[in-house]
Amino acid sequence: ITPTATGHHDVLLNVEVLHERDEGTLCSFVCEIQLELLDLRVENEPAGTELYRRFRGYFRGGRRERQQRVQLIAEVRDAVRSRGARGLEHLVQRIVTPENGKIVPVRRLDALADLLEIAHGDQLREVVLRRRLELSTDNADRAVILNCLALQLNRMNREDEARPMLDEALSLHQGLHSGEVHADTATSICNLAISLIKDGQLVEGRPMLEDGLRQQRQLHGDVHPLVANTLRSLGEIMRSMGRYDQSVQHYREAQQIQQQLGLPHGEVLARIAFLLVEQNRVPEAAAEYERAIAALREENASPSLLALAVGEYAMALETQGREEAACAAFVEAVEIRKELLRAGAEDADAHRSQLATLLSHHGGLLFKLGRVPDAIVPLTHALAMWRQMQNHVQVATALNNLACAKDSINPGSEEALQLAQEAIRLLETHLGPHDPKTVRYRSMWA
């Protein structure tokens, strides 16, 4: 088989998935979709990663099943290209009918949504859930769908639309299970409580969430994934209230539950470490970060999570005075972020901002250690990235950092002075001539 070479597909993967000799055109078709429509990035995913597994899973089954799934991708593509969201709604209405609303088509669409670029996937999930809600005929089914749709809308930052659905779902569950502790009711209580808390209604949301946790413990025992999820939410509430000891306590119990159940827990360990840093318990935090990073590696966690943990670990090491170890951690975190950007990671702007911040910290640490020529490289790279993002205040900071490094190598150099003057002009324009930072920079270079 010789698929059309686009440079944007995994030939071996497609040959394995669509291996019949007369399906070369289908191989090319899948590659075209990866490139042009749905932003599938399997070609950048090593075997074993979550996206790779999803892609392989989507095309599992016999030849007829695979052809049907390729056809579904084509239909979604054509619907989005021709009429956008409205076209997707009409397609789902045709595919998800009263006769099959809970069976194969919904599963196929959900599996496809997992493969899409985030915006397309979220849109597809929402349309499918709204269609299922439209077709639901009993209150139990309606309540479950309302909860799912509300959570999807929350993920899309549409909390105002989600809240009435959470209210209705809880009301339905309470009516269906009046006078008894029921898993669906407990879940609805927790979902609504979290929504209230995110909206700043802590006084109303916190006791509701604690009541939901009590019911979950009563239903499932102390060691259960739902209990761990709710404990993490409570931990974050306590952090927002400044109650760090209670926050760490909740996160710690959640982490122990997840570890006991054999579930990933490295991310929770990293959160505990971050909370310890906020309490200025840096030596404890550094040790916790080491545990978190080891767990994340063992779990084959996403590179984004690993980069975040390693970067925070580097800063904790620097605060602790372990500069050489901090330098090594900064280098590792920088390389992970660079690889994510090279691989076309989603939310690229966030990764660029994180990378520029890491480069700035690493350059500043090298400067502090007297390794000024080494510091020039990350400081220059950070400046270029802040310029690319057009973050004028950060550009000014990076210019000043680089100017200090250049001036340290060649005191009074014209190059250093020009960098500093550009920084001052930017601050005067974007913060004002009397802003404390502007005044400080002018004083430094007077």
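Numerical summary
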item: For LEU305, net neighbour charge (Lys/Arg +1, Asp/Glu -1) across residues whose Cβ lies under 10 Å away; result: -2
item: Protection proxy ranking of 358-365, 297-304 - average other beta-carbon atoms within 10 Å, highest first; result: 358-365, 297-304
item: Highest to lowest packing among 190-198, 222-230, scored as the average C-beta count within 10 Å; result: 190-198, 222-230
item: Probe 1.4 Å - accessible area at HIS220, Å² to nearest ten; result: 60 Å²
item: Cβ-defined net charge surrounding ARG442, 12 Å radius [Lys, Arg +1; Asp, Glu -1]; result: +1
item: Qualifying trypsin sites (Lys or Arg not before Pro) for region 333-374 [loop in DSSP, other Cβ within 10 Å: at most 14]; result: ARG371
item: Shape category assigned to region 218-340 from the gyration tensor of Cα positions, a/c cut at 1.5; result: oblate
item: Quotient of C-alpha Rg and 2.2 N^0.38 Å, computed over region 328-381; result: 1.16
item: Farthest toward positive dipole pole in region 144-210 [+1 Lys/Arg, -1 Asp/Glu at C-beta], among ALA150, ALA169, ALA183; result: ALA150
item: Proximal charge balance of LEU317 [Cβ under 11 Å; K/R count +1, D/E count -1]; result: -4
item: Largest-first principal axis extents of the Cα set of region 317-446 (Å); result: 41, 32, 26
item: Spherically averaged projected area in nm², based on the convex hull that wraps the Cα atoms of region 352-429; result: 4.5 nm²
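The values are calculated or read from the model by the stated rules, or taken from the named source; none is laboratory data. Bear in mind that the values here come from a model prediction, so they are computed numbers and not experimental data. Counting neighbours? That spans all protein chains shown, and the Cβs are built from the backbone with ideal geometry, glycine included. For the accessible areas, the whole protein counts, side chains as well, though only heavy atoms, and no ligand, DNA or RNA atoms are used. Shrake-Rupley method; radii C 1.70, N 1.55, O 1.52, S 1.80 Å.
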